[in-house]
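Novice: Below you'll find the structure I mean.
The values are calculated or read from the model by the stated rules, or taken from the named source; none is laboratory data. Remember, it's a predicted structure, so these values are computed and weren't measured experimentally. All Cβ positions, glycine included, derive from the backbone under ideal geometry; neighbour counts span all protein chains shown. Keep in mind that these areas ignore ligands, DNA and RNA; they rest on the heavy atoms of the full protein, side chains included. Shrake-Rupley method; radii C 1.70, N 1.55, O 1.52, S 1.80 Å.
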Amino acid sequence: MPTLVTPTTAVHASFLDAVEEFRAEGRGLPRDNSMLGRDISVYGSSWRDPAVFARYVEESVAAARDDVMPPPGFVRSTTLWYVAGDTFIGRLSIRHRLTQRLLDWGGIIGYDVRPSARRRGHATAMLRESLPLARGLGHDPVLVTCDHDNVASRKVIEACGGVFEDRRGEKLRYWIATGGT
């Protein structure tokens, strides 16, 4: 049964396969402003080296700590991977705070499911599983956004209780209760 876990080197091989799937759909190109896109452009093929991958895993985990400064333009975030055994299925980030850019564009929770694992309910399960974790970080409700033409992501957000607020540019903005009071 897949579950959200702290990033781990145990999924190295399937992570590399997933990155190739993401690259094939254009992720990691200069126009990709997502966290995943940035990671692909920064690490490129160097992820194949187990030592580099281990360092990436450490950095991904450390990004949630108060004593680690996020890259310029990013905020502190908790990154989790959705895995089944040693198979990487996707990733999810819970940002610790909103900036104006995240309020308009990115939201509190962002997620990616590798292309070969889509349309199987993984994104919905990931988002649902992350809501109590977001509540633990002080978020209730959380803002989740998607591209206006991403019907699949819109359905995921709505299945998790997302209430549509508005459209800002190309982004649809939804609020989801995390179960807090």
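Novice: Give segment 136-160 a look and list any residue that's in a loop (DSSP other than H, G, I, E, B) and surrounded by fewer than 17 Cβ atoms within 10 Å (Cβ to Cβ), or say none.
Specialist: 138, 140, 148, 149, 150 - these are the residues of segment 136-160 that are in a loop (DSSP other than H, G, I, E, B) and surrounded by fewer than 17 Cβ atoms within 10 Å (Cβ to Cβ).
Novice: Based on this model, can you work out whether residue 129 counts as charged (D, E, K, R), open to solvent by 60 Å² or more (accessible area, probe 1.4 Å) and under 17 Å from residue 92 (Cβ atoms)?
Specialist: Against the criterion (charged (D, E, K, R), open to solvent by 60 Å² or more (accessible area, probe 1.4 Å) and under 17 Å from residue 92 (Cβ atoms)), residue 129 qualifies.
Novice: Okay, moving on. Restricting the search to segment 48-93, which residues are under 22 Å from residue 12 (Cα atoms) and among the β-branched types (Val, Ile, Thr)?
Specialist: Across segment 48-93, the qualifying residues are 52, 57, 61, 78, 79, 83, 87, 89.
Novice: Does at least one position in segment 44-64 carry a residue that is among the hydroxyl-bearing types (Ser, Thr, Tyr) and over 17 Å from the mean Cα position of the chain (by Cα)?
Specialist: For segment 44-64, residues among the hydroxyl-bearing types (Ser, Thr, Tyr) and over 17 Å from the mean Cα position of the chain (by Cα): present.
Novice: Restricting to segment 91-108, and then to whatever is under 24 Å from residue 148 (Cα atoms) and part of a loop (DSSP other than H, G, I, E, B), can you tell me which residue is most open to solvent (accessible area, probe 1.4 Å)?
Specialist: In this case the residue turns out to be 97.
Novice: Restricting to segment 49-75, and then to whatever is assigned to a loop (DSSP other than H, G, I, E, B) and among the aliphatic types (A, V, I, L, M), can you tell me which residue is nearest to residue 97 (Cα to Cα)?
Specialist: Applying the filter and picking the extreme gives 75.
Novice: Of everything in segment 162-181, what is under 22 Å from residue 133 (Cα atoms) and small (Gly, Ala, Ser)? Give them in sequence order.
Specialist: If the condition is that a residue be under 22 Å from residue 133 (Cα atoms) and small (Gly, Ala, Ser), then 162, 177, 179, 180 are the ones that fit.
Novice: Can you tell me which residues in segment 112-126 are under 13 Å from residue 94 (Cα atoms) and part of a helix (DSSP H, G or I)?
Specialist: Of everything in segment 112-126, just one residue is under 13 Å from residue 94 (Cα atoms) and part of a helix (DSSP H, G or I), namely 126.
Novice: Of the numbered conditions (1) modelled with pLDDT under 95; (2) within 29 Å of residue 23 (Cβ to Cβ); (3) not in a helix (DSSP H, G or I); (4) not charged (D, E, K, R), residue 179 satisfies every one except a single condition; which is it?
Specialist: So the condition that residue 179 fails would be (2).
Novice: Looking at 88, 164, which one is at negative phi, surrounded by fewer than 19 Cβ atoms within 10 Å (Cβ to Cβ) and part of a strand (DSSP E or B)?
Specialist: 164
Novice: Continuing with the same structure: Would you mention how many residues in segment 47-79 are aliphatic (A, V, I, L, M), open to solvent by less than 20 Å² (accessible area, probe 1.4 Å) and closer than 13 Å to residue 94 by Cα?
Specialist: Within segment 47-79, residues that are aliphatic (A, V, I, L, M), open to solvent by less than 20 Å² (accessible area, probe 1.4 Å) and closer than 13 Å to residue 94 by Cα number 1.
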